[in-house]
1. How many of the residues in region 11-29 are open to solvent by 70 Å² or more (accessible area, probe 1.4 Å) and either of a type in the set (A, V, I, L, M) or within 26 Å of Leu68 (Cβ to Cβ) (or both)?
2. So Ala32 passes all but one of these: (1) open to solvent by 70 Å² or more (accessible area, probe 1.4 Å); (2) hydrophobic (A, V, I, L, M, F, W, C); (3) over 29 Å from Glu85 (Cα atoms). Which condition number does it fail?
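The values are calculated or read from the model by the stated rules, or taken from the named source; none is laboratory data. Everything quoted here is computed from the prediction, not taken from an experiment. We place every Cβ from the backbone using ideal geometry, glycine too, and count neighbours over all the protein chains shown. Side chains included, ligands, DNA and RNA excluded: accessible areas come from the protein's heavy atoms. Shrake-Rupley method; radii C 1.70, N 1.55, O 1.52, S 1.80 Å.
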Amino acid sequence: QRLKAAVHYTVGCLCQEVEEDKDVQFSKQSIAAISEITFRQCEIFAKDLEMFARHAKRTTVNTEDVKLLARRSNSLLKYITQKSEELASSNMEQKEKKKRKSSAAKGGRTPGEQEAAMTENEDSNMA
């Protein structure tokens, strides 16, 4: 019930923005109808995403499931793909930072410095 109310409120806010932007009016009945359709469509999306994950023998919905759901809307699929790539890139950067911090804390050196030190040790052992 709270979720439905939140959807209705959000639809109302979006309709107000469109009213101001396009100089049109939305009746309360049309806002209620848009809210109901939106809520039902979200329920359908949730069930579809769950089925996609289950079909792949997973219990977690991932970005590939969302892309599959959005496949009929080229602009939405493009947007989701772009955001997914941005998130993946950001996650990789954060993992690299953590890796550098942990290796620096262990040996006080960056990975490049550790490699150089190992080469020096090998050279001195050969002599």
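1. Total satisfying the criteria: 1.
2. For Ala32, the failing item is (1).
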